[in-house]
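Student: Dropping the structure in here first, questions after.
The values are calculated or read from the model by the stated rules, or taken from the named source; none is laboratory data. Please read these numbers as outputs of a predicted model, since none were measured by experiment. Don't worry about glycine lacking a Cβ; one is built from the backbone with ideal geometry, like all the others, and counts go over all protein chains shown.
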Amino acid sequence: MNFKQLEAFQAVMLSGSTTAAAQRLGLSQSAVSRLLGQFEDSLGMVLFERKGGRLIATREAESLGQDADRLVELAQCFTRSSQQLRIAGFRRRLLRVVVSQTMALKIMPRVFERFALDHPDLALEVSTGSYDFAERAVLSREADLALALLPTRHAELYAEPCLETEAVCVLPCGHPLAALEVVTPADLDQIPMVLLGRQRAMREDIDMAFRRTRARPRIVAEVHSVAVACSFVAQGMGVSIVNALLASYCCDPAIVRRPFRPRIGYTLGFISLAQPEPDPLNAAFARCLIDTVTEQLQPEDLTARVG
């Protein structure tokens, strides 16, 4: 038995399936199934009955569930303590935050500069990734706070909405569609496009908008951050549809932005593990980031609003 197997067992118990557990752990479904099988072999007992593609926890699994929760939590606390010592030592508080790559590049240096003035004993660890990655990092206690797309799918997470934004079309300067006041899916039929990767909430909504109008964009590249998408557009590789708030930080003179309709709106918020009393440091850091975002928004960025 090892920790990965124990973690897979706990994730399946909490989520009810290997597919959901895989999403929670950031693994493939086959990897979770393999870890679960190895865990059962090491214990010499059947923990789940396979019926019609579903996993039904046995009495043995139910009996071991609480012990598994405690062991995983202790291991996560050990990991956090070791990170605290490695990065911050004994006298400094470590705050681990997950944001998008674009926000990490464009706004986090200013946020930390301001926050450190009132919290000189703080050590900050910034990770970047998708909103799904952000949820997994908080759930696994690898992060204390994350900016994610709401609503979250996990009851264990506390979410505080803070930013409203929507999809916006980014085009190279001089592109024929730049003459339009608003861009629609029909305008993008057979147009070369650079889109964020599949399995993202925004991408699913964009694909749905195209299907409803039967428009067929010509996807030439898939990337994994708004900053990269805007860089590709600036090179004339195509047009893109991205988060308006994050696009507002990409100030390349080679690109222009136009509203995308039908409107695809999004609510962003800070997530952390639900607990009886919110952590004051998390709340203060979130407020500092929101204030910084507010100050940097330009009047023309009407599609990105602070809630």
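Student: Of all residues in the stretch 14-56, which are in contact with a strand residue (DSSP E or B) (Cβ under 8 Å, 6 or more places away or on another chain) and closer than 27 Å to residue 130 by Cβ?
Tutor: Those that are in contact with a strand residue (DSSP E or B) (Cβ under 8 Å, 6 or more places away or on another chain) and closer than 27 Å to residue 130 by Cβ: 16, 17, 18, 36, 55.
Student: Within the stretch 176-224, can you find the residues that are among the β-branched types (Val, Ile, Thr) and out of contact with any Asp or Glu (no Cβ under 9 Å at 6 or more places or on another chain)?
Tutor: 182, 183, 184, 191, 206, 219, 220, 223
Student: I'd like the residue in the stretch 68-125 that is assigned to a helix (DSSP H, G or I), among the acidic types (Asp, Glu) and at pLDDT 85 or above and, out of all such residues, is surrounded by the fewest Cβ atoms within 10 Å (Cβ to Cβ).
Tutor: Kept after step one, since they are assigned to a helix (DSSP H, G or I), are these residues of the stretch 68-125: 68-88, 101-106, 108-118.
The next check asks that each one be among the acidic types (Asp, Glu); those that pass are 69, 73, 113, 118.
The next check asks that each one be at pLDDT 85 or above; those that pass are 113, 118.
On the way: 113: 11, 118: 9.
Going through the qualifying residues, I end up with 118.
Student: Another question about this same structure. State whether one or more residues within the stretch 180-192 are outside the structural domain of residue 15 (by TED's automatic domain parsing) and within 26 Å of the chain's Cα centre (by Cα).
Tutor: Within the stretch 180-192 (the criterion being outside the structural domain of residue 15 (by TED's automatic domain parsing) and within 26 Å of the chain's Cα centre (by Cα)), the answer is yes, since at least one residue qualifies.
Student: Still on this structure, please answer the following. Of the conditions (1) within 18 Å of residue 282 (Cα to Cα); (2) crowded, with 18+ Cβ neighbours inside 10 Å; (3) touching a strand residue (DSSP E or B) at 6+ places or on another chain (Cβ under 6 Å), residue 170 fails just one. Which one is it?
Tutor: Status for residue 170: all satisfied but (1).
Student: Of the residues 1, 13, which is among the aliphatic types (A, V, I, L, M) and surrounded by fewer than 17 Cβ atoms within 10 Å (Cβ to Cβ)?
Tutor: 1
Student: Further question: Taking the stretch 199-215, which residues are surrounded by fewer than 17 Cβ atoms within 10 Å (Cβ to Cβ), assigned to a helix (DSSP H, G or I) and of a type outside the set (Ser, Thr, Tyr)?
Tutor: Within the stretch 199-215, 201, 203, 204, 205, 207, 208, 211, 212 qualify.
Student: Which of the following residues is in contact with a Leu (Cβ under 8 Å, 6 or more places away or on another chain) and basic (Lys, Arg): 216, 257, 263?
Tutor: Sole residue among the options that is in contact with a Leu (Cβ under 8 Å, 6 or more places away or on another chain) and basic (Lys, Arg): 257.
Student: Kindly establish whether residue 168 is out of contact with any Gly (no Cβ under 8 Å at 6 or more places or on another chain), part of a strand (DSSP E or B) and within 29 Å of residue 233 (Cα to Cα).
Tutor: So residue 168 passes the test.
Student: Here is a further query. Of all the residues that make up the stretch 190-215, how many are closer than 14 Å to residue 261 by Cα, of a type in the set (D, E, K, R) and in contact with a helix residue (DSSP H, G or I) (Cβ under 8 Å, 6 or more places away or on another chain)?
Tutor: Selection size over the stretch 190-215: 1.
Student: Right, something else. Name every residue in the stretch 216-262 that is assigned to a strand (DSSP E or B), over 19 Å from the mean Cα position of the chain (by Cα) and under 13 Å from residue 169 (Cα atoms), in order of residue number.
Tutor: 239, 240, 255, 256, 257, 258, 259, 260 - these are the residues of the stretch 216-262 that are assigned to a strand (DSSP E or B), over 19 Å from the mean Cα position of the chain (by Cα) and under 13 Å from residue 169 (Cα atoms).
Student: Could you say which residue among 36, 27, 6 is modelled with pLDDT of 85 or more, assigned to a helix (DSSP H, G or I) and surrounded by 18 or more Cβ atoms within 10 Å (Cβ to Cβ)?
Tutor: Details: 27 fails: assigned to a helix (DSSP H, G or I); 6 fails: modelled with pLDDT of 85 or more.
Criteria check complete, one pass: 36.
Student: Yes or no: residue 177 in a helix (DSSP H, G or I), under 29 Å from residue 282 (Cα atoms), touching a residue at least 24 places away in the same chain (Cβ under 8 Å) and of a type in the set (A, V, I, L, M, F, W, C)?
Tutor: no
Student: Applying the selection to the stretch 105-125, what residues are touching a residue at least 12 places away in the same chain (Cβ under 8 Å) and more than 15 Å from residue 281 (Cα to Cα)?
Tutor: If the condition is that a residue be touching a residue at least 12 places away in the same chain (Cβ under 8 Å) and more than 15 Å from residue 281 (Cα to Cα), then 105, 106, 107, 108, 110 are the ones that fit.
Student: Name every residue in the stretch 23-46 that is among the hydrophobic types (A, V, I, L, M, F, W, C) and within 32 Å of the chain's Cα centre (by Cα), in order of residue number.
Tutor: Of everything in the stretch 23-46, those that are among the hydrophobic types (A, V, I, L, M, F, W, C) and within 32 Å of the chain's Cα centre (by Cα) turn out to be 25, 27, 31, 32, 35, 36, 39.
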